[in-house]
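Heads up, the thing below is written out as structure tokens.
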Number of protein chains: 4
Amino acid sequence: MPKRIVILTGGGDVPGLNAVIKQVTYRGVGMDYEVVGVRRGWEGLTHLNLDDADSKSRYILPLTPLNTRTIDRTGGTFLHSSRTNPAKMKSLPEHLKGLTFPTKDIEKGGKVSTVFDVTTQVLKNLEALGADTVIAIGGDDTLSYARRLHDEGVKVIAIPKTMDNDVQHTEYCIGFSTAITRAESAIQRQRTTVGSHERIGIFRIFGRDAGYTALYTAYVTNIRCVIPEFKVDLDNLINLLVQDKKSNPSNYSLVLLSEGAEWEGYQVKHFGEADAYGHQKKANVGDDLAVEIKAKTKEETIVSDLTYDLRSGDPDFTDKLVACTYGNMAMDALAEGNSGLMTGIVNGCFDMVEIPDPKLGPRKVELGSMYNTERYRPNYSNKRGLPIFLCRA
Amino acid sequence: MPKRIVILTGGGDVPGLNAVIKQVTYRGVGMDYEVVGVRRGWEGLTHLNLDDADSKSRYILPLTPLNTRTIDRTGGTFLHSSRTNPAKMKSLPEHLKGLTFPTKDIEKGGKVSTVFDVTTQVLKNLEALGADTVIAIGGDDTLSYARRLHDEGVKVIAIPKTMDNDVQHTEYCIGFSTAITRAESAIQRQRTTVGSHERIGIFRIFGRDAGYTALYTAYVTNIRCVIPEFKVDLDNLINLLVQDKKSNPSNYSLVLLSEGAEWEGYQVKHFGEADAYGHQKKANVGDDLAVEIKAKTKEETIVSDLTYDLRSGDPDFTDKLVACTYGNMAMDALAEGNSGLMTGIVNGCFDMVEIPDPKLGPRKVELGSMYNTERYRPNYSNKRGLPIFLCRA
Amino acid sequence: MPKRIVILTGGGDVPGLNAVIKQVTYRGVGMDYEVVGVRRGWEGLTHLNLDDADSKSRYILPLTPLNTRTIDRTGGTFLHSSRTNPAKMKSLPEHLKGLTFPTKDIEKGGKVSTVFDVTTQVLKNLEALGADTVIAIGGDDTLSYARRLHDEGVKVIAIPKTMDNDVQHTEYCIGFSTAITRAESAIQRQRTTVGSHERIGIFRIFGRDAGYTALYTAYVTNIRCVIPEFKVDLDNLINLLVQDKKSNPSNYSLVLLSEGAEWEGYQVKHFGEADAYGHQKKANVGDDLAVEIKAKTKEETIVSDLTYDLRSGDPDFTDKLVACTYGNMAMDALAEGNSGLMTGIVNGCFDMVEIPDPKLGPRKVELGSMYNTERYRPNYSNKRGLPIFLCRA
Amino acid sequence: MPKRIVILTGGGDVPGLNAVIKQVTYRGVGMDYEVVGVRRGWEGLTHLNLDDADSKSRYILPLTPLNTRTIDRTGGTFLHSSRTNPAKMKSLPEHLKGLTFPTKDIEKGGKVSTVFDVTTQVLKNLEALGADTVIAIGGDDTLSYARRLHDEGVKVIAIPKTMDNDVQHTEYCIGFSTAITRAESAIQRQRTTVGSHERIGIFRIFGRDAGYTALYTAYVTNIRCVIPEFKVDLDNLINLLVQDKKSNPSNYSLVLLSEGAEWEGYQVKHFGEADAYGHQKKANVGDDLAVEIKAKTKEETIVSDLTYDLRSGDPDFTDKLVACTYGNMAMDALAEGNSGLMTGIVNGCFDMVEIPDPKLGPRKVELGSMYNTERYRPNYSNKRGLPIFLCRA
């Protein structure tokens, strides 16, 4: 019987995932492996009930050159995705209810909840699937469970993807370049609108913990940015934007905020009474900045959110190049009998690295080399010696 | 002395405005006119102080083939824009303070305010500029004042633009086709994200009074839509979306809502106490639908706003074609001594029509021919005999 | 047994074909028809051997909502295409060899060849397939055979497609708008290259008999053009280009030539001895103009061919709108019991028209209204009253 | 008096050049330099006649933040370009005729011609311009003269650009990533045409000496390629393409050829008698392969040239990132008193390197690691340890 590779994608989708899946399938088949796609990330291994044909067809998808031939031409993930972490499940899948699993209490946003760790079930399913090696593609959360499986003795190879580019031990995660390409193009296009109306344009971009998306988009569009790694002074920021506007012959200025951007004294607000369903509206830092600018200067603003478009569509060249290479590096590692490693870029070169310990948290922008904490813009000087993506793993 | 054409653009920018400006300039110069660009729409004629060099350089821009040669390659408006309506000014420009103008009380959103009508000043400025004819490019609001000027005896030719396509007397306004092209492409791209996560995707699109943008985008992407012209039944809508999702092998479904979309019993909410600056947050119908879907079905959603990107960037072929043609038709009308007219498309053909009376309000989608009020989707049958954009002026 | 619709696409592919196929399938199924896709245009009906399983699977593809659900998101034709004309076949398909069919001699490019008319076989296959109605999508050549089938008593509905927009009886063929959108964007992008090198840029575009693609691209990019409908004077053309270049502050100029463009005294050359396989190289009018410009003025040129890219990728809004509408109009006609008609746009409105008689030849640009025969550029004035695409069927 | 930087761009334009020019200008002004743009590459320094106002305005353009503010949003070069090499001029500029310059005979394509070395004039002009440092942006040929100037004692900093990516001493030249992004997207789009017609698609791409553009495009589109570094066996190549086609359910296959691609026994042909102006047509390797395929297999092909579009339009993220960084590294080098260096990427990291000696010729693809000489496709395995662009300087 041929050996089996199990492959899955977890977390948010990014362009390039399908290129990885295709490369792994083609290389795998060429190396006499069977390649088994598990659908919906780790959920596929927690919810899979091999005694139930519906569950099997929902969660298991054998991969072949034929059914992966054209998938790399579209974004998203052919295997679909979820945010399930088998070590932290809020509720058990139907067919596991009544069974006993370890629990623990975790705290998020001030709320404590009890979660189940269904790793024994995951291991059982992997064994039943005859999995020789698991290839897990994902961001922080998905990869943390890949590390857990490795600790449990499963042969795992991890591939980092996230447009936030904030996975530890690598300078690059699949999806980052396309996100910046999309963000840059949206901002450059929308200059016409902001300029025609002579406003201050406020763009907000994904990035709760790390400012890579905001910073690198600002780097290539030459605009100001605020990133989670540095709390700016509000008056200084507004002054800079008003001055930028005045000195611009088209009488407008632009700033790009990470979702997690803050200024001194600012805290993301929740406002209003809870509605019928108990939801309070979260404030958007872009809207809040617009209110502040209006109040302090009477300047009108346009607030524009850069959201799902950043992860949609086809990968750009860099993401396609890295996705193809990561997929093949995973297969090379497997051929060499390595496991417990993650593909990555270190010091500008492709490498296999340790799967990051979740305790490290997300990787952050190094302020000293990359951010001008007075001018609230990227730092352009002294890049000699830095790897191509200007940051270190 | 050569005769002078005054040209201005008001309201939101759309791709194609610069093509109009360029065509008018080239044709005008070829016909021995001087072409004077007035900046920032009608504000240029209310705020212009011809005794003040700064004001003149801010509001007056003589147009030539040289300075308009390349403008048609970018979106926005070279002349900039504003939403000023000289007949309804909330406050007077600095240099007019102390002068007497007619006032009236107007009501908007339950609030009454007193506004000034500074038409006498506009007429004075037009005379001082030596304006033979005014070419005004804009949507409802801008055009309503063009009609007013015509009533005052000024020679005016109007050109309709708005991505909402809701100006009366014409089947087409500049910006509509590009907006749909952008919206279609954003929705098709984001299918990968909605599908990868197996969600119900809710898109929201500009269109407060009329549903053209939502309806025509839905027509070409084959998804459901809710438009301001018809209040849907919430349960029916949610049922359709859940069924769509189930019957889709990729397990997702999509709906597109106009900003002004509503369901029976729904009213756009303002919620929360006013913040320090007296602002209450307006609810977004997309977010509200997401809450309802979650509450009634436990289905997860992705809400995606289609906003400024729709009006940014280059015009598509149809907008460029119409923009060039409208610009030249305005000049033909002028050459023939016509005025008080608007360029338009009527019954599929280019025509000159009456500038719409603001009392008519925005043009609306004709439900009978275009919207399926049970399936909440465009109606595809019986189009024979309809003009190319499937609606009548 | 449900009635059957046979649908096929012939000739060159254009974006929008898949939208037609999808609409016909969905509407057809909703109207209780079976929809049978015939692959590779008319070849599917000449080469289909219903006794041969391979031939059946090669040429027959039953269409369902499931297998056409996503096809409208890509260009090309899901049913594939060919240029086969069953009335003019140079050789018989293998399984028909030895059978007797009418023949005739036709002349093309001075060469006479004998062709077979296998219409009896086509009729036999249609009967065997149980075809109630044939929906044929194509350009001149494909449609001429649709008319032939109608004359033979088959119920046929035709849908015109060709980026050349030169089918008689309609102002619009699917693919035209996208082709212009692509051509415009390629030309605007390449201005940077032509300008940076201070050259005369010569673009060549598909269009052997009719100049619509060249003319309308020139209309929206404001450059000179030469179309097959008018032989220009070479010296005058070169003078205009040299003057354009001099008066352009960036010191370049552009001209767009139809494939079939000519000047007085010019004839497309074939040059060189035939190679080993009997092929002579055909000259490209763009290259020939470059040689003439260099010889007469020493000016350097850049010659750029606009070719397959014009028909590749997704349809733009107009093509998607028209494709969806044409597909549904065909089904409306069928429901009303009409046949022998073609969907079209006449005087700016959707209509059903006669399938054109091939004797009419391709539709041509009306020089008087659309082309300036002295300045070699589109004519921009006096468009009032013309349908939106500025030409009449 | 402030020190002066002279900056120029030579050779073919690529997206990203304007970002370099803008960064150098902004940084330069911030460092109290005057930045003087020399137009049309080295021609600006050979043809500049400082006694002639027309010549000065043609060749000298003082750069400021104001006039470079928006240039990075478009491709091409704001300073224009030429292929002039002052050490190898075929004829002298008008105002230098009669003066004596060193000459030598050079041979190109079997033809010997005498060229002038006008370096003394270049040095004179640089001195007259008060140039402290020259920043030269270009490919092989432009940079070879930068090195010459350095040898003459001029302070020179070089920046490599070429979509061919074949400059020695660096792994990356500006323009490469965008070229691949464009090529990939063109090929993926044209799959619909090649597939719809069931052909063998032959793409030809710029790259006379080095195969980087073909190879990397093939890497990310997963198609076969032929590069100048390896002569393939024609029968083997055709067999592979025919097999690819057969095993593809859509019945088509694709191959990408560098301009300089060859097979054993093939030599680029010139054919036909010279025309009136002494030009013979050069054969295109894509057309020649099409002829061979037709002759040997009867298969139909589609030949598509990827040409100027690859260098047109906006830079992608990687090119913008590298262009901004190279521009600033040049200014850092200048601030540190370094010269005679070129910005580059070495082993995945930004570095300053020696300006390449022209004797080294163009950089070539390393076949061993990157090309499968039996399957005529990129080699995907064993990339661990390689820099991100998978090649070494």
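Just so you know, all these numbers are worked out from the coordinates, no wet-lab data involved. It should be emphasised that the depicted structure is a prediction, and the values quoted were computed from it without experimental measurement. Every residue, glycine among them, receives a Cβ derived from its backbone with ideal geometry; neighbour counts consider all protein chains shown.
Here is how far apart the B:His95 label points are across copies: 4.6, 8.0, 8.6 nm, shortest first, using a point 7 Å from Cα toward Cβ. For the protein assembly as shown, the average shadow cast by the Cα convex hull is 57.0 nm², which is a quarter of the hull's surface.
Each other copy holds its own label point for B:Asp52; taking that point as 7 Å from Cα along Cα to Cβ, the gaps run 4.9, 7.3, 8.6 nm, nearest first. Note on the protein assembly as shown: with charges restricted to the Cβ of Lys and Arg (+1) and Asp and Glu (-1), its dipole about the Cα centre is near 0 debye.
Radius of gyration (Cα atoms) of the range C:198-354, expressed as a multiple of 2.2 N^0.38 Å: 1.36. In sequence order, the range C:86-103 has phi-based couplings of x, 8, 9, 8, 5, 9, 8, x, 3, 6, 9, 4, x, 6, 9, 10, x, 10 Hz under the Karplus curve 6.51 cos²θ - 1.76 cosθ + 1.60, θ = phi - 60°, and Gly or Pro positions carry x. Sorted fewest first by neighbouring Cβ atoms within 10 angstrom, B:Met31, C:Met370 come out as B:Met31, C:Met370. For C:Thr170, no residue 5 or more places off, or on another chain, has a built amide H under 5 Å of its own.
Each part reduced to its alpha carbon centroid, the range B:148-195 and the range C:342-388 end up 25 Å apart.
Normalised by 2.2 N^0.38 Å, with N the number of residues, the alpha-carbon radius of gyration of the range A:165-272 equals 1.12. Dimensions of the range C:310-393 along the principal axes, based on C-alpha atoms and rounded to the nearest Å, stand at 50, 33, 26, largest first. When D:Glu299 is represented by a point 7 angstrom out along its Cα-to-C-beta vector, the spacings to that point in the other copies are 4.3, 4.6, 6.1 nm, nearest first. Quote the Stokes-Einstein diffusion coefficient, in whole µm² s⁻¹, for the range A:8-89, based on the Kirkwood radius over alpha carbon pairs, a temperature of 4 °C and a viscosity of 1.567 mPa s. Answer, rounded: 99 µm²/s. Per-residue 3J(HN,Hα) values for the range C:329-340, derived from phi via the Karplus relation 6.51 cos²θ - 1.76 cosθ + 1.60 with θ = phi - 60°, read 5, 4, 6, 5, 4, 4, 4, 7, x, 8, 7, x Hz in sequence order (x marks Gly and Pro). Using only side-chain charges placed at the Cβ, +1 for Lys and Arg and -1 for Asp and Glu, the dipole size of the range A:1-80 relative to its Cα centre rounds to 240 debye. Quick one: Debye curve from the alpha-carbon atoms of the range B:91-169 only, equal weights, vacuum; give me log10 I(q)/I(0) at q = 0.12, 0.16, 0.18 Å⁻¹ to two decimals. Treating every Cα as an identical point scatterer, log10 I(q)/I(0) equals -0.45, -0.78, -0.94. Counting only Cα atoms, the size of the range A:286-348 along its three principal axes is 64, 24, 19 Å, in decreasing order. With neighbour counts taken as other beta-carbon atoms within 10 Å, the residues B:Phe101, C:Phe176, D:Phe78 rank, fewest first, as B:Phe101, D:Phe78, C:Phe176. For the residue pairs A:Lys296/B:Lys88; B:Lys22/D:Lys161; D:Lys104/D:Lys359, the alpha carbons lie more than 24 Å apart in A:Lys296/B:Lys88; B:Lys22/D:Lys161. In whole Å, how far is the Cα centre of the range A:60-125 from that of the range C:202-234? Cα centroid to Cα centroid, the span is 59 Å. Please report the antiparallel percentage of the DSSP beta bridges confined to chain D, to the nearest 5. Close to 40 percent. Rounded to the nearest Hz, the phi-derived 3J(HN,Hα) couplings of the range D:57-65 under the Karplus curve 6.51 cos²θ - 1.76 cosθ + 1.60 (θ = phi - 60°) are 6, 6, 10, 10, 9, x, 9, 9, x, where x marks glycine and proline. For the range A:47-190, the convex hull spanned by the alpha carbon atoms encloses 175 Å³ per residue. Here the residues D:Val154, C:Val220, ranked from fewest to most Cβ neighbours within 10 Å of their Cβ, fall in the order D:Val154, C:Val220.
Once divided by 2.2 N^0.38 Å, the Cα radius of gyration of chain B becomes 1.06.
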